[in-house]
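S.K.: Just passing along the structure, written as C-alpha cells.
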Amino acid sequence: GKTVALKTIGLLTMMVQSGLHVPVLPHSRFGKIDRIFASIGDQQSIENDLSTFSSHLEGLKDIAENATSQSLVLIDEIGSGTDPEEGTALAMALLERLTAKKCLTVVTTHQSALKAFAYQTDGVENASMEFDVRTLQPTYRFRVGVPGSSYAFEIAQRMGLPKEMNERARELVGSQKDKLEGLIIELENRVRHFRELEQKANIKETELRGLTKLYRAMKEELDRKEQKIKREAAQEAERI
C-alpha cells in the first residue's frame, strides 16, 4: 500500500496542476507545486554501470540539489540498496536537508531508525498504511502519526515458513528491534481498539440525539396539552 499511496499523491498533484478533476473530498487542498521529484522503482543499469544503490543515489542527488520549498518530493524505500545503517544515515541527512528547505516530502521505508527519526524531528511526521493484525490483510487506510510495522515474522508464519526457522529469526533480529516492533503492534492494536470504541460512542451519540429529539417533541406536546387543560379549566371556572 505504501508505494500505491506514494504514486497516488504524485498522480493527483499532476492532475491538479493540469486543471483536471481529482477524486478527493470537497474540502481537500493542494499546494502550488513548481516541480515534482520522484525516486520510485529500481533503475539499475548494466549498460551505464549503475547498481541499484547508485541509481537510487542519482535520484537523491538531483533532489538534494534542485528541490525547493515549492517542490513535491516522493521517494520510495529511501536509503535502500546498501548497508542498512549507512543507507539510513544518508536518508536522515537528506530528510534533514529537505525539511530545512521546507520541501513537501513523502518517503517510504522499513527502517526502524527512520521511524524514530520522524518521531524526534520537528517538521517530520510518521504515517502508515493500516494492516489488520488479526487477518494479516491490508486495509488500505492511511493513518497519520502512527508508524507501521513490517510484520515480516507474522507474514512468514502465515505463509508456512517452518516455525523453528521463524523463531530463530526472531532471536537473531535482537531484543531491541523485536521490542520496537512489538510496541508498534501494540500501538496499532490500541488504535484499532479506540476506533471501535469511537464507533460505538458515535452510535450511542446518534441514539442519544434521537432520544433527545423525541423527548423534546413529547415535552412540547405535553406543554400544549397542559396549556389547553388550563384554558379549559379557567373557562369552566368562569362559567361556574
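S.K.: Please list, in chain and number order, the residues 5+ apart from residue 41 or on another chain whose amide H is under 5 Å from its amide H, with Hs placed from the backbone.
M.R.: Here 76 satisfy the definition.
S.K.: What would the Debye equation give as log₁₀ I(q)/I(0) for the chain at q = 0.13, 0.14 Å⁻¹, counting only Cα atoms as equal point scatterers?
M.R.: The calculated log intensity ratios at q = 0.13, 0.14 Å⁻¹ are -0.98, -1.09.
S.K.: If you don't mind, another one. Tell me, what is the per residue accessible area of region 94-158 in Å², probe radius 1.4 Å?
M.R.: Counting only protein heavy atoms, the per-residue value for region 94-158 is 59 Å².
S.K.: To the nearest 10 Å², what's residue 27's accessible area with a 1.4 Å probe?
M.R.: So the heavy atoms of residue 27 present about 140 Å² to solvent.
S.K.: Quick one, could you list the DSSP H helices from the chain stretching 20 Å or more along their long axis (Cα atoms) with average Kyte-Doolittle hydropathy of 0.0 or above?
M.R.: Both cut-offs are met by 2-17, 84-101.
S.K.: Count the net charge of all other residues whose Cβ sits under 14 Å from the Cβ of residue 89, scoring Lys and Arg as +1 and Asp and Glu as -1. Spell out each step's value before the answer.
M.R.: On the way: positive: 97; negative: 83, 85, 86, 96.
Cβ neighbours under 14 Å give a net charge of -3.
S.K.: Right, something else. Could I have the simple spin-label model distance between residue 141 and residue 9, label points 7 Å from Cα toward Cβ, reported in nm to one decimal?
M.R.: 2.0
S.K.: Here's something else I'd like to know. With θ set to phi - 60°, apply the Karplus curve 6.51 cos²θ - 1.76 cosθ + 1.60 along region 136-144 and write out the HN-Hα couplings as whole Hz, x wherever there is a Gly or Pro.
M.R.: 6, 10, x, 9, 6, 9, 8, 10, 8
S.K.: Can you tell me which lysines have their Cα less than 25 Å from the Cα of residue 230? Leave out same-chain residues fewer than eight positions away.
M.R.: 219
S.K.: Between residue 105 and residues 5 or more places away or on another chain, which pairs have amide H atoms under 5 Å apart, with H built 1.01 Å from N, and which residues are they?
M.R.: Sorted by chain and number, the residues that satisfy this are 73.
S.K.: Can I ask one more? For residue 61, list the lysines whose Cα falls under 24 Å from its own Cα; do not include residues on the same chain fewer than 8 positions away.
M.R.: 2, 7, 32, 101, 102, 115
S.K.: With n ≥ 4 as the cut-off for DSSP H runs, can you work out [θ] at 222 nm for the chain, using -39500 (n - 2.57) per run divided by the number of residues, rounded to the nearest 500?
M.R.: -20000 deg cm²/dmol
S.K.: How many percent of the accessible area of region 97-145 is carbon or sulfur, using a 1.4 Å probe?
M.R.: On the way: 1620 of 3080 Å².
Answer for region 97-145: carbon and sulfur cover 52 percent of the accessible area.
S.K.: Tell me, what HN-Hα J-couplings in whole Hz come from the Karplus equation 6.51 cos²θ - 1.76 cosθ + 1.60 at θ = phi - 60° for each residue of region 147-160, using x for Gly and Pro?
M.R.: Once θ is set to phi - 60°, the couplings for region 147-160 become x, x, 9, 7, 6, 4, 5, 5, 5, 4, 5, 5, 7, x Hz.
S.K.: With the Cα gyration tensor of region 84-175 giving a ≥ b ≥ c as the square roots of its eigenvalues, does the rule (a/c under 1.5 for rounded; else a/b larger than b/c for prolate; else oblate) give rounded, prolate or oblate?
M.R.: In terms of gyration-tensor shape, oblate.
The values are calculated or read from the model by the stated rules, or taken from the named source; none is laboratory data. Fair warning: this is a prediction, and the values are worked out from it, not measured in the lab. Cβ coordinates were reconstructed from backbone atoms using ideal geometry, including for glycine residues, and neighbour counts include every protein chain displayed. Surface areas here come from the heavy atoms of the whole protein model, side chains and all, with no ligands, DNA or RNA. Shrake-Rupley method; radii C 1.70, N 1.55, O 1.52, S 1.80 Å.
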